[in-house]
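Input: a single structure, listed below in structure tokens.
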Protein chains: 2
Amino acid sequence: MQHISIDTIKTWERFYRANFINCLSGFKSASLIGTVNEDGQPNLAVFSSIVHLGSDPALIGFINRPLAAAPHTLSNIKATGAYTINHIHPSFVNKAHQSSAKYPVEINEFEAVSLEAQYINSIKAPFVKESFIKYALELSEIVPIKQNNTFLVIGYVTDILMDASLIEEDGFIAIENAGTMTCVGVDAYYKTERTARFGYAKPIVNKESK
Amino acid sequence: MQHISIDTIKTWERFYRANFINCLSGFKSASLIGTVNEDGQPNLAVFSSIVHLGSDPALIGFINRPLAAAPHTLSNIKATGAYTINHIHPSFVNKAHQSSAKYPVEINEFEAVSLEAQYINSIKAPFVKESFIKYALELSEIVPIKQNNTFLVIGYVTDILMDASLIEEDGFIAIENAGTMTCVGVDAYYKTERTARFGYAKPIVNKESK
């Protein structure tokens, strides 16, 4: 096993280093975020840093890169307070990844990558029609992360669209049965296979530790 | 496809609702966080909300639950500024999950769940010897999330321990070859299979959108 210090990593070529560090934190929640601007122009972009914050209230966060690198989703969320997060499945993972390209602001990425925008009731932000598990959020707060000019965007879940047959008897969602993918680094996507559910763990003090 | 509103979810039984919302955000980065208190007493706990914040500088965050629910890891990090994050593999996933039990503060979870603490050079926090990919961090900031009394803990990566053969030629780490697992909800663990790496996406405006 090799010991790699941050001083060594700092000497590495920029893209090599970015790939490496991006993989280190493990599997991530690849999802598409749908928004509209004040004029109703849709925007779609892939995000990998979705993070569960709490279930009561139902709060989910995501990390937005610095504004210079990724301005459109965040400015739309600021303008409308609304966004959707859509799971990614194998049938459209290539289109989902293509939405990471830097399209000009006037381009509708739904059209550019050939995914269908789906509007439900009075929810302003578009869902991805092709996604089997998707949810709408209402912006709560944009927390600036001063260390690197990224943002933690915090939202309340307001609406969920999914096939109810995915829900198991204790509320667990079998997202793998919908084909939801996970990702690593900036461009690798994975399918998954559940190996265990352990239930709620209670302390067991084993003999050796006494 | 069913439309479930948050007003419906609020009427659900507490644990059913928690399981459901916890699954919604998708696959998560199951990892073990190792710390010590001021007296050198080790602590080990499983966390699922590790989040990549940036690669230059190498910044990784994790979500810590409210202090009443999960005090030990956070108080140790505050006291020492040091912690390790360790990937979880099938050979010890049951032990990793068991570390989520609420052990009294005087219990060393490494011993309680039969995992080995590994100390390297002058790094205060213990690694999990059984883990094939693990890294040490230095605390930068603990950001309170006022909506639900959780915390975003931000740290700088300082040291990495892993088998260098996992690193591909562009810096990508084949974490699936180390057997790194991903998780969903509060207790489900998954193995993975890579299906694609797409590379850096550039805008392609297709014919239909013109």
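Against the condition surrounded by fewer than 24 Cβ atoms within 10 Å (Cβ to Cβ) and of a type in the set (A, V, I, L, M), how does A:Ala82 come out, does it pass?
Here the answer is yes, as A:Ala82 does meet what is asked.
Go through (1) under 23 Å from A:Ile9 (Cβ atoms); (2) facing chain A (nearest Cβ under 8 Å) and name the single condition B:Asn86 misses.
(2)
Residues of segment B:16-71 being among the charged types (D, E, K, R) and either under 23 Å from A:Val184 (Cβ atoms) or within 9 Å of chain A (Cβ to nearest Cβ) (or both), which ones?
Those that are among the charged types (D, E, K, R) and either under 23 Å from A:Val184 (Cβ atoms) or within 9 Å of chain A (Cβ to nearest Cβ) (or both): B:Arg17, B:Lys28, B:Asp56, B:Arg65.
Within segment B:1-38, count every residue that is among the hydroxyl-bearing types (Ser, Thr, Tyr) and outside any strand (DSSP E or B).
Within segment B:1-38, the first condition is being among the hydroxyl-bearing types (Ser, Thr, Tyr), and the residues that meet it are B:5, B:8, B:11, B:16, B:25, B:29, B:31, B:35.
Checking which are outside any strand (DSSP E or B) leaves us with B:8, B:11, B:16, B:25, B:29.
Residues flagged as among the hydroxyl-bearing types (Ser, Thr, Tyr) and outside any strand (DSSP E or B) within segment B:1-38 amount to 5.
Scan segment B:123-144 residue by residue and report those that are farther than 12 Å from B:Gly34 by Cα and in contact (Cβ under 8 Å) with a residue 60 or more places away in the chain.
B:Leu139, B:Ser140, B:Ile142
Looking at (1) of a type outside the set (Ser, Thr, Tyr); (2) modelled with pLDDT of 95 or more; (3) within 28 Å of B:Tyr135 (Cβ to Cβ), find the lone condition where A:Ala69 falls short.
In the conditions (1) of a type outside the set (Ser, Thr, Tyr); (2) modelled with pLDDT of 95 or more; (3) within 28 Å of B:Tyr135 (Cβ to Cβ), A:Ala69 misses (2) alone.
Evaluate the following for B:Ser99: is it within 8 Å of chain A (Cβ to nearest Cβ), small (Gly, Ala, Ser), over 22 Å from B:Ser55 (Cα atoms) and in contact (Cβ under 8 Å) with a residue 40 or more places away in the chain? Outline the logic, then answer.
Values: within 8 Å of chain A (Cβ to nearest Cβ): yes; small (Gly, Ala, Ser): yes; over 22 Å from B:Ser55 (Cα atoms): yes; in contact (Cβ under 8 Å) with a residue 40 or more places away in the chain: yes.
Yes: the conditions hold for B:Ser99.
Of all residues in segment B:143-171, which are among the acidic types (Asp, Glu) and surrounded by fewer than 21 Cβ atoms within 10 Å (Cβ to Cβ)? I'd like the intermediate steps shown before the answer.
Step one: list which residues in segment B:143-171 are among the acidic types (Asp, Glu), which gives B:159, B:163, B:168-170.
B:Asp163, B:Glu168, B:Glu169, B:Asp170, listed by residue number.
Any residue at all in segment A:119-136 that is over 15 Å from the mean Cα position of the chain (by Cα) and of a type in the set (Val, Ile, Thr)? Don't jump to the end; show me each part of the working.
At the first step, the residues of segment A:119-136 found to be over 15 Å from the mean Cα position of the chain (by Cα) are A:119-126, A:129-130.
Cutting the leftovers down to of a type in the set (Val, Ile, Thr) gives us A:120, A:123.
Yes.
Against the conditions (1) closer than 15 Å to B:Asn76 by Cα; (2) assigned to a strand (DSSP E or B), where does B:Tyr135 fall short? Just the number, please.
Looking at each condition in turn, B:Tyr135 falls short on (1).
Scan segment A:107-124 residue by residue and report those that are outside any loop (DSSP other than H, G, I, E, B), within 11 Å of another protein chain (Cβ to nearest Cβ) and in contact with a strand residue (DSSP E or B) (Cβ under 7 Å, 6 or more places away or on another chain). Working first, answer last.
Applying the first criterion (outside any loop (DSSP other than H, G, I, E, B)) to segment A:107-124 yields A:109-112, A:117-118.
Next, from what is left, pick out any that are within 11 Å of another protein chain (Cβ to nearest Cβ): A:109-112, A:118.
A:Glu109, A:Phe110, A:Gln118 - these are the residues of segment A:107-124 that are outside any loop (DSSP other than H, G, I, E, B), within 11 Å of another protein chain (Cβ to nearest Cβ) and in contact with a strand residue (DSSP E or B) (Cβ under 7 Å, 6 or more places away or on another chain).
Among the candidates B:Ala101, B:Ala174, B:Ala136, which residue alone is within 24 Å of A:Ala196 (Cβ to Cβ), at pLDDT 95 or above and either of a type outside the set (Lys, Arg) or crowded, with 17+ Cβ neighbours inside 10 Å (or both)? Steps first, answer last, please.
Numbers: B:Ala101 fails: at pLDDT 95 or above; B:Ala136 fails: within 24 Å of A:Ala196 (Cβ to Cβ).
Exactly one of B:Ala101, B:Ala174, B:Ala136 is within 24 Å of A:Ala196 (Cβ to Cβ), at pLDDT 95 or above and either of a type outside the set (Lys, Arg) or crowded, with 17+ Cβ neighbours inside 10 Å (or both), namely B:Ala174.
Pick out the one residue from B:Thr73, B:Thr84, B:Thr80 that is in contact with a Lys or Arg (Cβ under 8 Å, 6 or more places away or on another chain) and either more than 17 Å from A:Leu24 (Cβ to Cβ) or of a type in the set (Phe, Trp, Tyr) (or both).
Values: B:Thr73 fails: in contact with a Lys or Arg (Cβ under 8 Å, 6 or more places away or on another chain); B:Thr84 fails: either more than 17 Å from A:Leu24 (Cβ to Cβ) or of a type in the set (Phe, Trp, Tyr) (or both).
Exactly one residue qualifies, and that residue is B:Thr80.
Would you pick out the residues in segment B:151-199 that are in a loop (DSSP other than H, G, I, E, B) and more than 7 Å from chain A (Cβ to nearest Cβ)?
Here is the first cut: in segment B:151-199, the ones in a loop (DSSP other than H, G, I, E, B) are B:163, B:168-172, B:174, B:179-181, B:185-187, B:198-199.
Once the filter is applied, which keeps residues that are in a loop (DSSP other than H, G, I, E, B) and more than 7 Å from chain A (Cβ to nearest Cβ), segment B:151-199 yields B:Glu168, B:Glu169, B:Ala174, B:Gly179, B:Met181, B:Val186.
Among the residues in segment B:50-67, are any exposed (fewer than 15 other Cβ atoms within 10 Å of the Cβ), touching a Lys or Arg at 6+ places or on another chain (Cβ under 7 Å) and in a loop (DSSP other than H, G, I, E, B)?
Yes, because at least one residue in segment B:50-67 is exposed (fewer than 15 other Cβ atoms within 10 Å of the Cβ), touching a Lys or Arg at 6+ places or on another chain (Cβ under 7 Å) and in a loop (DSSP other than H, G, I, E, B).
Run down A:Tyr119, A:Tyr103, A:Tyr83 and say which single residue is aromatic (Phe, Trp, Tyr) and closer than 14 Å to B:Lys202 by Cα.
Selected residue: A:Tyr103, the only one of A:Tyr119, A:Tyr103, A:Tyr83 that is aromatic (Phe, Trp, Tyr) and closer than 14 Å to B:Lys202 by Cα.
If A:Ser131 meets every condition in (1) touching a Phe, Trp or Tyr at 6+ places or on another chain (Cβ under 9 Å); (2) crowded, with 21+ Cβ neighbours inside 10 Å; (3) of a type in the set (S, T, N, Q); (4) facing chain B (nearest Cβ under 8 Å) apart from one, which number is that one?
Unmet for A:Ser131, out of (1) touching a Phe, Trp or Tyr at 6+ places or on another chain (Cβ under 9 Å); (2) crowded, with 21+ Cβ neighbours inside 10 Å; (3) of a type in the set (S, T, N, Q); (4) facing chain B (nearest Cβ under 8 Å): (4).
Taking the criterion of being under 19 Å from B:Ile21 (Cα atoms), surrounded by 23 or more Cβ atoms within 10 Å (Cβ to Cβ) and in contact with a helix residue (DSSP H, G or I) (Cβ under 9 Å, 6 or more places away or on another chain), would at least one residue in segment A:109-127 satisfy it?
No, segment A:109-127 has no match at all.
The values are calculated or read from the model by the stated rules, or taken from the named source; none is laboratory data. These figures come from a predicted structure and were not determined experimentally. Note: ideal-geometry Cβ built from the backbone for every residue, glycine included; neighbour counts use all protein chains shown.
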